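First the structure, in the form of structure tokens, and then the observations on it.
Only the coordinates and a few stated rules stand behind these numbers; no lab work does. All figures in this text were calculated on a predicted structure; none of them were measured in a lab. When we count neighbours, we look across all protein chains shown, and the Cβ atoms used for this are built from the backbone with ideal geometry, even at glycine.
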Amino acid sequence: MKQRQEIKNTKSVRCVMGIQRCIDGREVSDSMKAIFLVFAALLGACSTFGSGSDGLQSDVDQAVAVIERFEAIPEKAIPPAVMRAARGVAILTVTKVGFIGSVRGGTGVVVARIDKGWSGPSAIGTGGIGAGLQAGAEVSELVIVLNTPAAVDAFSKGGNVTLSAALGAAAGPVGRTAEAGVAPQAAMYTYSRSQGLFAGISLEGTVIATRDEANEAYYGRPVTPREILSGKVQPPEGARKLQQVLSKY
């Protein structure tokens with residue numbers, strides 16, 4: 001129990017240290033730094049609850065719900081042609097809170113297309129800070145369609161993936177009108193469904209990291225994202241619903 005608590009504390013500290021590194025070197029006032037670090041500590045503490053197998057199963061179940069909610073609105077849905085051409089999909093639920101600046105954190109899963117359908121889920125998480133005029137809170141459901149083998153490989157390597165134009169990330173086409181003749185124009189297509197209140201704009205990028213501890217707890221042994229996304233690891237029974245939802249594509 002003590003060791004588990006130490007792991008949780010370490011993850012919270014890493015979150016705070018990561019935010020500290022982000023704001024070091026920026027022209028940010030001491031008061032804003034304090035706000036960022038308080039938010040980071042809260043997000044880091046919350047993230048520890050998703051480190052076990054139950055936490056990842058919750059992310060898998062949430063991913064199923066997110067896909068179904070996107071499908072429920074055809075006019076704003078991801079075009080089926082985009083999903084049929086996808087090499088992989090990352091799905092996250094992200095909470096952003098802000099006052100003057102903002103802090104964001106969330107968890108989710110990434111899966112890849114394999115010869116027999118879809119791979120098991122690999123645990124991912126995201127966090128970051130933003131500057132600018134922001135106030136309030138927002139919960140966003142993010143879907144990142146991976147259109148190329150290189151995009152899947154970026155998530156297979158483990159560590160961090162920073163979404164940017166340089167990596168080939170772009171807002172994806174939506175709705176029925178985009179279905180005809182649609183073809184991938186970017187390595188990754190990003191989609192978002194937001195709830196709650198938020199004001200202002202942010203210049204922050206999205207950094208997505210592998211959650212190795214969550215993967216180990218879910219699969220019962222240490223596994224790498226590459227092993228999971230290549231289909232070399234048999235997914236638990238709890239991943240079946242997500243595979244079924246994606247099997248139509």
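Side notes on the structure shown:
- With R₀ set to 41 Å, the beta-carbon distance separating R221 from S192 gives a calculated FRET efficiency near 0.75.
- Available extension along the chain between S58 and E75 is 3.3 nm, counting 0.36 nm per residue and deducting the alpha carbon span.
- Approximating the spin labels as points 7 Å out from Cα along Cα→Cβ, the S164-to-R240 distance works out to 4.3 nm.
- Integer Hz, Karplus 6.51/-1.76/1.60 couplings in order for the stretch 59-70, x for Gly and Pro: 5, 5, 4, 5, 4, 4, 5, 5, 4, 5, 5, 5
- Whole-Hz Karplus values for the stretch 151-156 come out as 5, 5, 4, 4, 7, 6 Hz, taken residue by residue from phi with 6.51 cos²θ - 1.76 cosθ + 1.60 and θ = phi - 60°; glycine and proline positions read x.
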